[in-house]
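Report on one structure; see the data block that follows.
The values are calculated or read from the model by the stated rules, or taken from the named source; none is laboratory data. Since this is a predicted model, take the numbers as computed values, not measurements. Here Cβ is always computed from backbone atoms with ideal geometry, including for glycine, and neighbour counts include all displayed protein chains. Note: areas computed on protein heavy atoms with side chains; ligands, DNA, RNA excluded. Shrake-Rupley method; radii C 1.70, N 1.55, O 1.52, S 1.80 Å.
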Amino acid sequence: MVAEEIPFWIWAATIGGIAGLFIFDFLSHVRKAHEPSFKEAAAWSVFYIVLAILFGFGVWYFWDKTHGVEFFAGFITEKSLSVDNLFVFVIIMKSFAVPRVHQQKALLIGIVLALIMRGIFIAVGAAAIERFSWVFYLFGAFLLWTAYKLAVESFSHSHSTDEEYEPNAVVKWFQRNVRTTTEFAGGALTIRRDGLRYFTPMFVVIVALGMTDLLFALDSIPAIYGLTDAPYIVFTANAFALLGLLQLYFLLGGLLDRLVYLGFGLALVLGFIGAKLIVHAMEANTLGFINDGQPIEGLPHISTSFSLAVIVGILVVTTVASLIRSGMVANRAADRPGEEH
């Protein structure tokens with residue numbers, strides 16, 4: 001599967017449609033600063049998920065079943081990883097004390113930047129895979145390492161929105177070398193003082209959100225390439241996973257800390273996909289120091305349908321287990337209010 005198999009007009013229409021949805025999001029939700037109610041956030045979250053499902057069935061009907069299943073597997077994986085990203089987004093908002101009514105604007109701009117950066121990553125990944133089949137070894141090894149780190153983090157119980165945000169190098173450089181204010185000016189990104197232009201904390205927050213998602217993309221892009229080698233599916237699955245993330249942020253809010261096993265579940269998903277990538281790399285092996293540069297035969301074939309079932313199963317089990325565990329902890333706390341947990 002190569003990018004040229006998708007006609008240019010379909011790429012243009014898809015990108016235009018997704019851009020239109022983000023513009024609609026801005027005009028209908030962000031332009032008038034407000035904190036979405038639970039009902040509003042739930043309704044729009046459902047809307048974007050239904051839209052993704054309809055798109056997936058469209059791929060299934062107009063393309064074929066294989067690519068339809070690949071889209072659903074990629075979308076579910078990317079959406080789950082995006083929910084994990086929300087932990088860090090909440091921490092960033094708390095650390096910079098962003099007013100709730102202006103958080104939508106920061107999130108939407110950050111999400112748009114994330115999609116642009118992911119688009120670049122997807123194009124680079126597609127070009128690398130087309131020229132070098134051994135790239136799957138690198139992707140697989142990286143996902144296995146990421147899965148290990150995420151599992152260790154999950155078992156250490158450090159996955160919480162109460163953590164402190166540690167600015168990365170880009171954010172630190174920006175704060176040191178660019179004129180910034182210490183107070184917000186509504187939703188403005190810049191203000192003028194004494195004839196000089198200053199960036200507000202809102203702009204710094206957007207930079208932090210964008211750079212954070214850039215780091216997360218290092219996990220998510222190799223992960224979805226483990227489920228499909230079609231750049232169109234990779235891009236649309238990422239786009240639909242990011243659409244509605246703004247509303248999901250306000251919908252989940254305080255529920256995030258109840259998903260105590262989400263990190264472990266995602267570690268299992270990334271580990272499974274990493275192993276699948278290694279197997280795929282062996283099947284198409286060209287490295288001279290492995291099996292004399294010949295493909296390795298007799299390996300188990302892992303279909304995308306099976307991958308979809310595994311991913312959904314892991315996420316359902318870990319989500320249910322998280323909610324049961326959180327409920328048990330809450331009940332114990334209610335029974336012994338003086339006890340620290």
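Just for region 1-42: of the residues that are among the small types (G, A, S) and touching a residue at least 12 places away in the same chain (Cβ under 8 Å), which one is farthest from I76 (Cα to Cα)? Write out each step before concluding.
Quick first cut of region 1-42, residues among the small types (G, A, S) only: 3, 12-13, 16-17, 19-20, 28, 33, 37, 41-42.
Right, trim to touching a residue at least 12 places away in the same chain (Cβ under 8 Å) and you get 3, 33, 41-42.
On the way: A3: 22, A33: 30, A41: 19, A42: 18 Å.
Ranking the candidates gives A33 first.
Among residues belonging to region 25-61 that are within 19 Å of the chain's Cα centre (by Cα) and among the aromatic types (F, W, Y), point out the one that is most open to solvent (accessible area, probe 1.4 Å).
Per the stated criteria, the residue is F47.
Among the residues in region 249-259, are any outside any loop (DSSP other than H, G, I, E, B) and either in contact with a His (Cβ under 7 Å, 6 or more places away or on another chain) or crowded, with 23+ Cβ neighbours inside 10 Å (or both)?
Residues of region 249-259 outside any loop (DSSP other than H, G, I, E, B): 249-258.
This time we only want the ones that are either in contact with a His (Cβ under 7 Å, 6 or more places away or on another chain) or crowded, with 23+ Cβ neighbours inside 10 Å (or both), so: 249.
Yes: region 249-259 contains one or more residues that are outside any loop (DSSP other than H, G, I, E, B) and either in contact with a His (Cβ under 7 Å, 6 or more places away or on another chain) or crowded, with 23+ Cβ neighbours inside 10 Å (or both).
So I76 clears everything in (1) farther than 22 Å from H29 by Cβ; (2) surrounded by fewer than 18 Cβ atoms within 10 Å (Cβ to Cβ); (3) among the β-branched types (V, I, T) except one condition, right? Which one?
Exception for I76: condition (2).
Is region 96-105 home to any residue that is within 18 Å of the chain's Cα centre (by Cα), at pLDDT 85 or above, aliphatic (A, V, I, L, M) and within 20 Å of L27 (Cβ to Cβ)?
So far as region 96-105 goes, no, none of its residues is within 18 Å of the chain's Cα centre (by Cα), at pLDDT 85 or above, aliphatic (A, V, I, L, M) and within 20 Å of L27 (Cβ to Cβ).
Taking region 236-259 on its own, how many of its residues are farther than 24 Å from L27 by Cβ and modelled with pLDDT of 80 or more?
Final tally of qualifying residues: 1.
Identify all residues within region 24-38 that are under 16 Å from L51 (Cα atoms) and either of a type in the set (A, V, I, L, M) or in contact with a Phe, Trp or Tyr (Cβ under 9 Å, 6 or more places away or on another chain) (or both); write none if there are none. So that I can check it myself, show each step before the final result.
Here is the first cut: in region 24-38, the residues under 16 Å from L51 (Cα atoms) are 24-25.
Scanning region 24-38 gives a single hit, D25.
Only one of these is over 24 Å from A185 (Cα atoms) and hydroxyl-bearing (S, T, Y): S45, S28. Name it. Don't jump to the end; show me each part of the working.
Working: S28 fails: over 24 Å from A185 (Cα atoms).
That would be S45, the only listed residue that is over 24 Å from A185 (Cα atoms) and hydroxyl-bearing (S, T, Y).
For S95, work out the one condition from (1) touching a residue at least 60 places away in the same chain (Cβ under 8 Å); (2) over 16 Å from V204 (Cα atoms) it doesn't fulfil.
(2)
Considering (1) in a loop (DSSP other than H, G, I, E, B); (2) modelled with pLDDT under 80; (3) open to solvent by 50 Å² or more (accessible area, probe 1.4 Å); (4) within 21 Å of L107 (Cα to Cα), say which one H157 fails and leave the rest.
Only one criterion in (1) in a loop (DSSP other than H, G, I, E, B); (2) modelled with pLDDT under 80; (3) open to solvent by 50 Å² or more (accessible area, probe 1.4 Å); (4) within 21 Å of L107 (Cα to Cα) is unmet by H157, namely (4).
Please go through region 322-332 and pick out each residue that is surrounded by fewer than 16 Cβ atoms within 10 Å (Cβ to Cβ), within 10 Å of Y261 (Cβ to Cβ) and not β-branched (V, I, T). I'd like the intermediate steps shown before the answer.
First pass over region 322-332, keeping only residues surrounded by fewer than 16 Cβ atoms within 10 Å (Cβ to Cβ): 323-325, 327-332.
If we keep only those that are within 10 Å of Y261 (Cβ to Cβ) too, we end up with 323-325.
Answer for region 322-332, where residues must be surrounded by fewer than 16 Cβ atoms within 10 Å (Cβ to Cβ), within 10 Å of Y261 (Cβ to Cβ) and not β-branched (V, I, T): L323, R325.
Of the conditions (1) more than 16 Å from G140 (Cα to Cα); (2) crowded, with 21+ Cβ neighbours inside 10 Å, L315 satisfies every one except a single condition; which number is it?
(2)
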